[in-house]
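Participant: Right, I'll just put the structure down here and ask away after.
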Amino acid sequence: LQEAEELDAAFEDSGLVGPLHCVPVLLKDQVETSDMPTTYGSSIFTGFVSGRDATIVTRMKQAGAIILAKTNMGEFAFGHVGSAFGMVRNAYDPTRIPSGSSAGTGAGIAANFGLVGIGEDTGGSIRGPAAVHSLVGLRPTVALVSRFGMMPANPTNDTLGPMTRTVADAAILLDVLAGYDSSDPVTAYSVGRLPESYRTGLDE
């Protein structure tokens, strides 16, 4: 609430802070934040706070976002059950599976707990939960989005990406996330290959 009030004041003073101004974000509990525990879905890491923000968290905050909550996930990014918080339930039918390890983000966005979310995809963990929750889930190429501050399950495969209700929201969020980060050298392959904005490809 304090962050939202500060953003309201900034808006009154000089307009939008950025493209995610006051947007509540749900973040898979595989991504570090300086002010919340990061459990990786495991009770082993209960209460663990790294004291730093992942690169994507820094970028979203600079764009005006509010990191509202961490979402439940499969333990160490496997499945949709973890010892930290138990089983993720499908937001539309709790008797059906919520799909891969980013299921908590999928269920949270589908249930309107946040406007946009972040998932991590090794072999379908963004795409699966997005599919069963009627969301737009995008798995970027590995070089596109920095993984600094994210514990990988498979470093050669893992990538972070948007989970949203609309294609437009996915494009706006990807604009904020994408790009070179010296803390993740693989992102050097994206230099010079990003469009001015992913929104330019949208056609109503």
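The values are calculated or read from the model by the stated rules, or taken from the named source; none is laboratory data. Since the model is a prediction, treat every value here as computed from it, not as a measurement. Here the Cβ positions follow ideal geometry from the backbone for every residue, glycine too, while neighbour counts run over all protein chains shown. The accessibility values were calculated without ligands, DNA or RNA, using every heavy atom of the protein model including side chains. Shrake-Rupley method; radii C 1.70, N 1.55, O 1.52, S 1.80 Å.
Participant: May I ask you to list pairs of residues, at least six apart or on different chains, whose Cβ atoms are under 7 Å apart, with the first in region 31-47 being among the acidic types (Asp, Glu) and the second being open to solvent by less than 60 Å² (accessible area, probe 1.4 Å) and not in a strand (DSSP E or B)?
Facilitator: Correct list of pairs: Glu32/Thr38; Glu32/Ser50; Glu32/Asp53; Glu32/Ala54; Glu32/Gly149.
Participant: Only one of Ser197, Ser134, Ser183, Ser190 is at pLDDT 95 or above, surrounded by 15 or more Cβ atoms within 10 Å (Cβ to Cβ) and out of contact with any Cys (no Cβ under 8 Å at 6 or more places or on another chain); which? Walk me through it before giving the result.
Facilitator: Working: Ser197 fails: surrounded by 15 or more Cβ atoms within 10 Å (Cβ to Cβ); Ser134 fails: surrounded by 15 or more Cβ atoms within 10 Å (Cβ to Cβ); Ser183 fails: surrounded by 15 or more Cβ atoms within 10 Å (Cβ to Cβ).
From the options Ser197, Ser134, Ser183, Ser190, the qualifying one is Ser190.
Participant: Now for a different question. Outside any helix (DSSP H, G or I), at pLDDT 95 or above and open to solvent by less than 60 Å² (accessible area, probe 1.4 Å), is that true of Leu16? Give the derivation first.
Facilitator: On the way: outside any helix (DSSP H, G or I): yes; at pLDDT 95 or above: yes; open to solvent by less than 60 Å² (accessible area, probe 1.4 Å): no.
Here the answer is no, as Leu16 does not meet what is asked.
Participant: Here is a follow-up. State yes or no: is Ala69 in contact (Cβ under 8 Å) with a residue 12 or more places away in the chain, in a helix (DSSP H, G or I) and among the small types (Gly, Ala, Ser)? Before the answer, list the steps.
Facilitator: Details: in contact (Cβ under 8 Å) with a residue 12 or more places away in the chain: yes; in a helix (DSSP H, G or I): no; among the small types (Gly, Ala, Ser): yes.
Considered against the rule, which asks whether it is in contact (Cβ under 8 Å) with a residue 12 or more places away in the chain, in a helix (DSSP H, G or I) and among the small types (Gly, Ala, Ser), Ala69 comes out as no.
Participant: Hey, can you tell me all the residues within region 91-121 that are open to solvent by 10 Å² or more (accessible area, probe 1.4 Å), in a loop (DSSP other than H, G, I, E, B) and out of contact with any strand residue (DSSP E or B) (no Cβ under 7 Å at 6 or more places or on another chain)?
Facilitator: Answer for region 91-121, where residues must be open to solvent by 10 Å² or more (accessible area, probe 1.4 Å), in a loop (DSSP other than H, G, I, E, B) and out of contact with any strand residue (DSSP E or B) (no Cβ under 7 Å at 6 or more places or on another chain): Ala91, Tyr92, Asp93, Pro94, Thr95, Arg96, Ile97, Ser99, Gly100, Ala111, Asn112.
Participant: Further question on the same structure: Do we find that Arg193 is farther than 14 Å from Ala54 by Cβ, touching a helix residue (DSSP H, G or I) at 6+ places or on another chain (Cβ under 8 Å) and free of Cβ contacts under 8 Å to residues at least 60 places away in the same chain in this structure?
Facilitator: Working: farther than 14 Å from Ala54 by Cβ: yes; touching a helix residue (DSSP H, G or I) at 6+ places or on another chain (Cβ under 8 Å): no; free of Cβ contacts under 8 Å to residues at least 60 places away in the same chain: yes.
No: the conditions fail for Arg193.
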